[in-house]
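For reference, the structure is listed below as structure tokens.
The values are calculated or read from the model by the stated rules, or taken from the named source; none is laboratory data. Just so we're clear, the structure is a prediction, and the values are computed from it rather than from any experiment. Here the Cβ is made from the backbone with ideal geometry for all residues, glycine too, and neighbour counts use every protein chain on show.
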Amino acid sequence: MERDTIIIGAGLSGLAAGIRLAYYDREVTVLERHTTIGGLNSFYRLRNRNYDVGLHAVTNYAPHGTKTGPLSKLLRQLRMRWDDFNLSPQKGSAVAFQGRKLRFNNDFAFLEQEIASTFPAQIDNFRKLVDVIAEHDPLRLDRKEASARAVLGSHISDPLLIDMLLCPLMFYGSATPRDMDFSQFVIMFRSIFLEGFGRPLEGIRKILKNLVKRFKSLGGELRLRAGVKSIHVTGNRATAVELDSGEVIEAKNIVSSAGSYETLKLCGSRPDEIDMRRFQPGDISFCETLFTLNRTPAELGINETVLFYNDTPEFHYENPADPVDLRSGIICSPNNFEYDRPMDEGMVRITALANSDYWFNLPQDKYEEQKAYWCDEIVRSALGYIPDFRDAVVDTDMFTPRTIRKFTGHVNGCVYGAPNKLVDGRTHLHNLFLCGTDQGFLGIIGSMLSGITIANYHLLK
């Protein structure tokens, strides 16, 4: 039986696209290779503890009942309730560079005061930049690319402030080494600095399980352990998908959240058929360490919700030469949100840029050994910015680019996909569209809006 739409990948964007289409009575099947949902933002259970993959915080926070903004738009489009996400706001985060610190929370005026105090000569230039950001429409599907560094440099003359503004935005969304597209900068600036961080007490599983519940209630079909081996193509159209099992499912339309390069590989496309420059995979990946504690981070003196740090004169955001880049990183304390009740245990997560090739090529016996070594090194580098918490650790886990590639299928374990985004979601085939990372909307909320936008723009007209 031919389906109206097949969606490849049960991540946030794929599930959101599925809900939007199923609401309008389209026959939709979401296919997922793995045994659980979520993709880049998933969850797992290890040694009787629940862990999130990827989620530090949900950006685009808005208080309950807010009528405007991305989160409100998302809930309207999905016909879901605020309680389905149940986000609690952050207590406060910071960017720390060599003795300088900029604190921020979900009140933008606080960051503005911090910049006025720390960079008094730049505050007027910063306000002019904010005016430019306010006037820019980053969601236009016909937008043009521009260098964020170039735009910032035309307004702000202090390179340290430029790096400190870029650091959180790049760590949470840039697929481009040393820079990011200005439209993506605007998306991330608004979502992190103007709107801010929130998190469900239960983590990402709260959002994912409610998305699945909504999708199935509308008649959508979700199939796990259903990896797509190839996309069948006739002329300029995709006609079906073939699963790893050999099963073939026909469809009028296919939406892929697998990534642009990865989707082309599924089509068996030859380089001479398309402009391959548009589909080059990214190489920005990370190692992340997770520490369960017998006390809360605040009891140990760790008070920020998220702390972005860098200890060199310049911020280096690129695929590092070393297995892990110890010059910078992210320290996240999931306990440090304004929940209505405390988390069961303390948790600290530390993330750093990593060299994918190194981690891919390690033999298995060396892989576990190197994970343990670099886990210790990541902690050591972070201890320049937070109190020593190691005596409070009761359990540890770590994932690497190898883990990311295994559970997402992304070439190079690239977390944010390809540098060149296909903003309108179109591919070289008339009925094959992209959503998610390589479409170009960023963050947890942005990923879901990506699926909704592609469904609205291409499949619900």
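I'm trying to understand the selection: among the residues of the stretch 160-205, which are closer than 16 Å to His136 by Cβ and part of a strand (DSSP E or B)? Listed by number, the list holds a single entry, Asp181. Taken together, the residues in the stretch 287-336 that are among the small types (Gly, Ala, Ser) and surrounded by 19 or more Cβ atoms within 10 Å (Cβ to Cβ) amount to 3. Would you confirm, using the coordinates I've provided, whether Lys213 is loosely packed, with under 15 Cβ neighbours inside 10 Å, within 30 Å of Thr59 (Cβ to Cβ) and charged (D, E, K, R)? Taking the combined requirement at face value, the residue satisfies it.
Mind counting the residues in the stretch 344-366 that are crowded, with 18+ Cβ neighbours inside 10 Å and over 22 Å from the mean Cα position of the chain (by Cα)? Going through the stretch 344-366 one residue at a time, the tally reaches 2. For the stretch 291-298, the count of residues that are within 24 Å of Leu46 (Cα to Cα) and modelled with pLDDT under 95 is zero.
The single condition from (1) crowded, with 18+ Cβ neighbours inside 10 Å; (2) within 27 Å of Thr296 (Cα to Cα); (3) more than 22 Å from the chain's Cα centre (by Cα) that Arg100 fails is (1).
Quick check on Tyr385: is it in contact with a helix residue (DSSP H, G or I) (Cβ under 8 Å, 6 or more places away or on another chain), in a loop (DSSP other than H, G, I, E, B), crowded, with 16+ Cβ neighbours inside 10 Å and not small (Gly, Ala, Ser)? Answer is no for this residue. Residue check: is Lys366 within 20 Å of Tyr44 (Cβ to Cβ) and assigned to a helix (DSSP H, G or I)? For Lys366, the condition - within 20 Å of Tyr44 (Cβ to Cβ) and assigned to a helix (DSSP H, G or I) - is not met. Would you check if there is a residue in the stretch 206-227 being assigned to a helix (DSSP H, G or I) and within 30 Å of Phe315 (Cα to Cα)? No - not one qualifying residue is present in the stretch 206-227.
Considering only the stretch 389-396, I want to know if a residue exists there that is over 18 Å from Tyr261 (Cα atoms), modelled with pLDDT of 95 or more, crowded, with 24+ Cβ neighbours inside 10 Å and small (Gly, Ala, Ser). No.
The set of residues in the stretch 146-178 that are acidic (Asp, Glu) and either in contact (Cβ under 8 Å) with a residue 60 or more places away in the chain or surrounded by 23 or more Cβ atoms within 10 Å (Cβ to Cβ) (or both) contains only Asp163. Counting only residues that are assigned to a loop (DSSP other than H, G, I, E, B), without any contact (Cβ under 8 Å) to a residue 60 or more places away in the chain and surrounded by 14 or more Cβ atoms within 10 Å (Cβ to Cβ), the stretch 109-141 holds 3 of them. Is at least one residue of the stretch 349-361 of a type outside the set (S, T, N, Q), out of contact with any helix residue (DSSP H, G or I) (no Cβ under 9 Å at 6 or more places or on another chain) and in contact (Cβ under 8 Å) with a residue 40 or more places away in the chain? Looking through the stretch 349-361, at least one residue is of a type outside the set (S, T, N, Q), out of contact with any helix residue (DSSP H, G or I) (no Cβ under 9 Å at 6 or more places or on another chain) and in contact (Cβ under 8 Å) with a residue 40 or more places away in the chain. For the stretch 43-64, the tally of residues that are out of contact with any strand residue (DSSP E or B) (no Cβ under 7 Å at 6 or more places or on another chain) and more than 17 Å from Gly173 (Cα to Cα) stands at 5.
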